[in-house]
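Single-structure report; data block below.
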Amino acid sequence: MTNKTMIAKAVKTALYGGLAASLAISAPATFAAEEEAEKIVVTGSRIKRVDVETAQPVTILTREDIDLSGDTSVADALRNTSANSFGSWKGQSGFGSGATGAAEIDLRGVGATLVLVDGRRMPGSGYDGGATQDLNNIPLAVVERIEILRGGASAIYGSDAIAGVVNIITRKDVEGAHFSALYENTSIDGGGKKQYEFAAGVTGDRGSMLVVLEHQSQDEVADNEISGFDNGVSWWSAVPNATYYDATNGYTDAYDANLCETVPNTVDQGYRCGYAFSNVTWLYPQRDSNSIMTKFTYGLTDSIEFSARLSYVDTETNSRFAPTPVSTSSLTMQYDNPNNPYGSLVDPSADPNTYIYLRTALLGNRDARFKKSSFDATFGLEGSLDSGYDWTLFYQRTLSDETLYNRNLINDLLIQEAVNDGSFDVFNVSGMTSAEWSEHALGIFQRAAHTGLFELEQDRNILDGSFGGEFYSNDTLTASFVVGAELETIKFTQISDPASANGFISGGSGGDDVFASRDRTSAFTEFQVAFDFGLELSTAFRYDKYEQEGFVGTGTAERSFSDTTPMFGVAYRPTDDLLLRATYGEAFRAPTMPELFASNSFGFPSAYDYYYCEPTADGGLGNPGNDIAYCDAANLPQHLTFSGGNPTLSSENADTLTAGVVWNATDDLSFELSYYSIEYFDRITNVSLDDILRLDFESGGTSSNVTREPSGQIQSIQSGTINLERLDTAGFDIGVAYNFDTSIGDWAIVADATFVKEYGLVDQGQLLDRVGRFGLPEKRGNVRTSWSSGDLFASWRMNYIDGQDSTSSSFLDRDAVIYHHLQFGVNTSWDGKFVLGVKNATDEKTQFNTGNPAWRSYDTTLYDPVGRTWFVRYEQAL
């Protein structure tokens, strides 16, 4: 083969700055006959090669692709890929431990995607023990391209690479200086974004140096901008005075209607005074970040190069949630308390206490400030021997500090003490005016106010090296190998303030303390044999051993996990224009340190109480009439839920398979069809509230995991992590790239789509397929058309998300949605670029699960609820 095929051109264009050819597909390249072609390492293999294609399917997003898409962050670019089938987490207010400001990628919806930066592991997020990486820590300014390996690669990269790998390739070899500014504004009030980038670099005969800086700020989005005013009325709180429950009378006549609605956002529900918390909460937080990255390369000799990359990211996130409900501990009043006006109406023998429900709205909102700083430094040597073999030796150090300050929490014990000693006239039996009672209650709340503190530190060191190259070659085949090893140590600490950790502070996420360390030893090898008739065989093996130690309250626990994972691949090119490929591999994931060693923590997730609400004929208590809001399936109540680590966990394992074909139909048209399958065994999961409550319902309300009040309603739930699930999923990826020239300009059309064939848990060998149900669309796809003529350019991108069927008769089905994104730009004569664009041009609205606006009853992992968004970007070469 002496001619480069169009497919080869497509991939090379993607690697070095083209616009469209590899956005949706990874087309094969045949550089083998190019005698001067440089060998490179590509995502999916550690062997240097001249052929950028391997047996693994890889999607390449160039910087130009990202710019033309209108996406303004790494997280958004990855969230919109079709392989991110079911969406991924985007930080929201109301989530503790740093999750509020984080963004993730979850390929195939299995929760195990590894993120690399320049081929090296990105530090994991603190809030989930390093199981995922926070994409908000990667400034878009540093990105040259993103490579998405859409298949398992545990044998190459180790633990967590079960569903795939995202490799962020940072910029290099920049000459001169470059500045850009972005302004973004939404159709709602909030969510505006400002982003400034500066990059400067110099390249010489012996090396290069690059410095990139970025500042980004984004405004908050209030919940009522999405759900509307007075929606999301709280099911359990009363403001300004309390609601009570007793076994005889329930909630009947248990609140002072005269005091209701004297405080903003309170609503008289006819049977108690509720609180419309969506009027004060923020859906998305306010976020500011500053980052700096520098890269340096220098040729020590003709065959040895030194390289270094240092980066620092500082982020501050401010979020807001509703005023604190006193809920972590049960707030009670004895019948003989002088401030109990209802004691004569009940039978004290039924229950000696009145249960009080109280939200401290007079104190103000729960405002949380999260600060995170992350420093990552990589130093390395790469060289080649006269024999043709290559070697590497690298050291990586990562330091990460996270601190969360959560204001206006409540010390339950102090509130209970004020109720017990009579100093808190919670029901206003003394007949104070609204203003007098509010001043009285605020004094109690201020004395009980608490600022929660959550701190996390990660200290990681990695030393790795490799050796390999071509070890045999003749007229018919070439054989190459690489061997290497990695040593990693991590110290991981996360701790709450003592009061929160002891479980008597309402409004936060106390507990979940971890004091642990981990040592990992890994060894890997990879072989490749390429035959002259177009066949390439590859295999890889990796051994990982994790030794973990952590404090579990009564002492120190030690756990060790190890496994050897293989992978086998085949790629065959019967012609220059056709590539057939397949891989099979096994994957392994060790439990994280919090999964093993976290102390008991608590939160307030929402769930439906089947036992209390379902009819007696079905085995429930049949009590929805006692509390309509509690049993409202469209606006589920929150439940105090405790969870913690499990030192008896075992490792997770998976079998992965990919197979596909890439065809260069003409010089301008390429197709890809790929199949994927993942069988994920012994998956570690937090037992869902829905599963716990269903089992409790089936047992007649006798589950030891559920503690109930005398009324039968839930007081608290005990959850945790176990090796419970086997998850199977399979589907197809389809892609096409077409380029053509006309008299009015050059055009490129790029499309990609994922069709999920099956997805669900396996129970007794039977797949419980849930494809097409809420949150699990069968199809996702993108089409982008771009045009350029001289200094002018434009693009039109469409994102498609398939409709989904409801999982309950209380919900409506979700319709399919298409988002349209447009932009137009011009390159100026003074080396500038001006771009004007709009995302969600048709202002597609968020579809609520109930068909009516309700507080957060929509899916923010799949959809963006902020509506039409205008943006303008200006770039200038200096």
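The values are calculated or read from the model by the stated rules, or taken from the named source; none is laboratory data. Because the structure is predicted, anything quoted here is derived from the model rather than measured. Virtual Cβ from ideal backbone geometry, glycine too; neighbours counted across all protein chains shown. To get the accessible areas, we keep the full protein, side chains included, count just its heavy atoms, and leave off ligands, DNA and RNA. Shrake-Rupley method; radii C 1.70, N 1.55, O 1.52, S 1.80 Å.
Brief remarks on what is shown
- For F471, the conditions (1) in a strand (DSSP E or B); (2) surrounded by 15 or more Cβ atoms within 10 Å (Cβ to Cβ); (3) among the aromatic types (F, W, Y) all hold with the exception of (2).
- Residue check: D752 meets all listed conditions (1) free of Cβ contacts under 8 Å to residues at least 12 places away in the same chain; (2) within 30 Å of A794 (Cα to Cα) but one, namely (1).
- Where a residue in segment 304-322 is within 30 Å of T266 (Cα to Cα) and its partner, wherever it lies, is open to solvent by 50 Å² or more (accessible area, probe 1.4 Å) and not in a strand (DSSP E or B), with Cβ under 8 Å and at least six apart: N318/E220; S319/E220; R320/E220
- When S786 is tested against (1) closer than 30 Å to Y357 by Cβ; (2) over 25 Å from the mean Cα position of the chain (by Cα); (3) small (G, A, S), exactly one condition is not met: (1).
- So E38, is it at pLDDT below 60 and in a loop (DSSP other than H, G, I, E, B): yes
- Segment 264-283: number of residues that are assigned to a strand (DSSP E or B) and out of contact with any Lys or Arg (no Cβ under 8 Å at 6 or more places or on another chain): 6
- Contact map, segment 761-788: first residue over 23 Å from I749 (Cα atoms), second residue of a type in the set (A, V, I, L, M) and not in a strand (DSSP E or B), Cβ cut-off under 8 Å, separation 6 or more or different chains; pairs are R770/L776; G775/L862; P777/L862; E778/V771.
- In segment 299-325, residue nearest to G91 (Cα to Cα) [restricted to those that are part of a loop (DSSP other than H, G, I, E, B) and open to solvent by less than 10 Å² (accessible area, probe 1.4 Å)]: A322
Each row is one residue, and each column tells you yes or no for (1) in a helix (DSSP H, G or I); (2) surrounded by 18 or more Cβ atoms within 10 Å (Cβ to Cβ); (3) touching a Pro at 6+ places or on another chain (Cβ under 9 Å).
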position: A617; (1), (2), (3): yes, no, no
position: G622; (1), (2), (3): no, no, yes
position: G645; (1), (2), (3): no, yes, yes
position: T658; (1), (2), (3): no, yes, yes
position: V662; (1), (2), (3): no, yes, yes
position: I692; (1), (2), (3): yes, yes, no
position: L695; (1), (2), (3): yes, no, no
position: T702; (1), (2), (3): no, no, no
position: S716; (1), (2), (3): no, yes, no
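- Residue selected from segment 204-234 under the condition among the hydroxyl-bearing types (S, T, Y) and at pLDDT 90 or above, by the criterion nearest to V866 (Cα to Cα): S217
- Here A751 clears all of (1) farther than 23 Å from Y680 by Cα; (2) touching a helix residue (DSSP H, G or I) at 6+ places or on another chain (Cβ under 7 Å) except the condition numbered (2).
- Residue count for segment 647-656, restricted to those that are open to solvent by less than 40 Å² (accessible area, probe 1.4 Å) and outside any strand (DSSP E or B): 2.
- Scanning segment 548-604 for residues that are free of Cβ contacts under 8 Å to residues at least 24 places away in the same chain, outside any strand (DSSP E or B) and not β-branched (V, I, T) yields a single hit, G555.
- D532 vs. criteria crowded, with 16+ Cβ neighbours inside 10 Å and modelled with pLDDT under 95: no
- Any pair with Cβ under 7 angstrom, 6 or more apart, that starts in segment 61-78 at a residue that is closer than 19 Å to D864 by Cα and ends at one that is of a type in the set (V, I, T) and part of a helix (DSSP H, G or I): A77/I66
- With respect to (1) closer than 16 Å to M593 by Cα; (2) crowded, with 17+ Cβ neighbours inside 10 Å; (3) of a type outside the set (D, E, K, R); (4) modelled with pLDDT of 95 or more, the lone exception for F515 is condition (4).
- Among residues of segment 522-543 that are in contact (Cβ under 8 Å) with a residue 60 or more places away in the chain, those with a beta-carbon under 6 Å from a residue that is open to solvent by 50 Å² or more (accessible area, probe 1.4 Å) at least six positions away or on a different chain give the pairs E526/R46.
- Residues satisfying the stated conditions in segment 395-429, i.e. in contact (Cβ under 8 Å) with a residue 24 or more places away in the chain and more than 30 Å from E455 (Cα to Cα): A418, V419, N420, G422, F424, D425, V426, F427, N428, V429
- Check on D667, of a type in the set (D, E) and open to solvent by 50 Å² or more (accessible area, probe 1.4 Å): yes
- Check on Y680, aromatic (F, W, Y) and part of a helix (DSSP H, G or I): no
- Test: residue in segment 276-295 that is under 23 Å from D412 (Cβ atoms), charged (D, E, K, R), surrounded by fewer than 23 Cβ atoms within 10 Å (Cβ to Cβ) and in contact with a strand residue (DSSP E or B) (Cβ under 7 Å, 6 or more places away or on another chain): no
- Those strands (runs of 3 or more DSSP E) of segment 344-453 in which at least 3 residues are more than 17 Å from S329 (Cα to Cα) and open to solvent by less than 30 Å² (accessible area, probe 1.4 Å), considering only elements entirely within it, cover 366-384, 390-411.
- Scanning segment 553-581 for residues that are among the hydrophobic types (A, V, I, L, M, F, W, C) and surrounded by fewer than 18 Cβ atoms within 10 Å (Cβ to Cβ), we see that the one that is nearest to L487 (Cα to Cα) is A557.
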